[in-house]
1. Could you check how many residues of region 77-91 are open to solvent by 10 Å² or more (accessible area, probe 1.4 Å), more than 20 Å from residue 63 (Cβ to Cβ) and not charged (D, E, K, R)?
2. Anything in region 151-167 that is in contact with a Leu (Cβ under 9 Å, 6 or more places away or on another chain), farther than 14 Å from residue 111 by Cα and open to solvent by less than 70 Å² (accessible area, probe 1.4 Å)? List them, or say none.
3. Among the numbered criteria (1) surrounded by fewer than 17 Cβ atoms within 10 Å (Cβ to Cβ); (2) within 17 Å of residue 165 (Cβ to Cβ); (3) touching a helix residue (DSSP H, G or I) at 6+ places or on another chain (Cβ under 6 Å), which single criterion is violated by residue 104?
4. Tell me yes or no: at least one residue of region 50-61 is of a type in the set (A, V, I, L, M, F, W, C), modelled with pLDDT under 80, exposed (fewer than 14 other Cβ atoms within 10 Å of the Cβ) and in a helix (DSSP H, G or I).
5. For region 109-130, indicate whether the set of residues that are out of contact with any His (no Cβ under 6 Å at 6 or more places or on another chain), more than 16 Å from residue 56 (Cα to Cα), among the charged types (D, E, K, R) and surrounded by 14 or more Cβ atoms within 10 Å (Cβ to Cβ) is non-empty.
6. Wholly within region 66-178, which helices (runs of 4 or more DSSP H) include no fewer than the required count, namely at least 1 residues that are more than 20 Å from residue 55 (Cα to Cα) and touching a Ser or Thr at 6+ places or on another chain (Cβ under 6 Å)?
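The values are calculated or read from the model by the stated rules, or taken from the named source; none is laboratory data. This is a predicted model, so every value here is computed, not measured. Please note: Cβ atoms are built from the backbone with ideal geometry, for glycine as well, and neighbour counts cover all protein chains shown. Each accessible area value is taken on the protein alone, full model and side chains, heavy atoms only, with ligands, DNA and RNA left out. Shrake-Rupley method; radii C 1.70, N 1.55, O 1.52, S 1.80 Å.
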Amino acid sequence: DWKLAGMDDYVMKPFTIPALAATIARLLPNKLSGAIATSFEGKTGLSKSETMQLPLLDPQTMSMIDTLSRRNGGAAARRIFGLFEEHAPLALARFEQSVCGSSPAEIKALAHALKSMCSSAGALRLSALAEECERRVAERLAIDQRQLDMLSICLQETIDAIRRRFDVVVENDVAALV
């Protein structure tokens, strides 16, 4: 039990920035006053058109990252989005490869991992697309090339939007510029 271990609270994985921030705000109410807002989290079963109308980036998560970044000179945004940019393409590639021949349980687990990663970084539309893939696999429906293409395009659009919003340059970009 987490209370017996001396903890005051916990956040279960997969967590989102707003969920983590809400826990921190509850424990340290004077540190993050007014910075927590309700997220789009929990929107499940959206139609394709509803999913594609979601913003690429979750406004509440971006607001929280803005707040953290102002307090630490942008280090939070660089860390969060650097990790996202490094790992999300790999997670998508693993998911795409799994669709061709892996077990449904493995495909579903990889879709879930991608969804969780996207949710944690505030990649709202990409998270919803990954969630739709996870749902389709659970219902024993196929993932087609159109869905994989939508994930790939949305990932690039999300990375571009993050770069524009936070002016994030990660190590891979620096190496390409040299």
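1. The qualifying residues number 3.
2. First, pick out the residues of region 151-167 that are in contact with a Leu (Cβ under 9 Å, 6 or more places away or on another chain): 151-152, 154-155, 157-158, 160-162, 165.
When the remaining residues are screened for being farther than 14 Å from residue 111 by Cα, the result is 154, 157-158, 160-162, 165.
Matches in region 151-167: 154, 158, 160, 161, 162.
3. Tallying (1) surrounded by fewer than 17 Cβ atoms within 10 Å (Cβ to Cβ); (2) within 17 Å of residue 165 (Cβ to Cβ); (3) touching a helix residue (DSSP H, G or I) at 6+ places or on another chain (Cβ under 6 Å), residue 104 fails exactly one: (2).
4. First, pick out the residues of region 50-61 that are of a type in the set (A, V, I, L, M, F, W, C): 52, 54, 56-57.
Now narrow it down to the ones that are modelled with pLDDT under 80: none.
Taking every residue of region 50-61 in turn, none turns out to be of a type in the set (A, V, I, L, M, F, W, C), modelled with pLDDT under 80, exposed (fewer than 14 other Cβ atoms within 10 Å of the Cβ) and in a helix (DSSP H, G or I).
5. no
6. Values: elements: 75-99, 104-121, 124-138, 145-166, 171-177.
Passing ranges, in order: 75-99, 104-121.
Rundown of residues vs (1) over 27 Å from residue 23 (Cα atoms); (2) touching a residue at least 60 places away in the same chain (Cβ under 8 Å); (3) hydroxyl-bearing (Ser, Thr, Tyr), yes/no style:
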residue: 52; (1), (2), (3): yes, yes, no
residue: 62; (1), (2), (3): no, yes, no
residue: 67; (1), (2), (3): no, no, yes
residue: 72; (1), (2), (3): no, no, no
residue: 85; (1), (2), (3): no, yes, no
residue: 108; (1), (2), (3): yes, no, no
residue: 122; (1), (2), (3): no, yes, no
residue: 131; (1), (2), (3): no, yes, no
residue: 149; (1), (2), (3): yes, no, no
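Conditions tested, residue by residue: (1) at pLDDT 70 or above; (2) of a type in the set (A, V, I, L, M, F, W, C); (3) within 22 Å of residue 149 (Cα to Cα).
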{"position": "4", "(1), (2), (3)": "yes, yes, no"}
{"position": "13", "(1), (2), (3)": "yes, no, no"}
{"position": "41", "(1), (2), (3)": "no, no, no"}
{"position": "66", "(1), (2), (3)": "yes, no, no"}
{"position": "92", "(1), (2), (3)": "yes, yes, yes"}
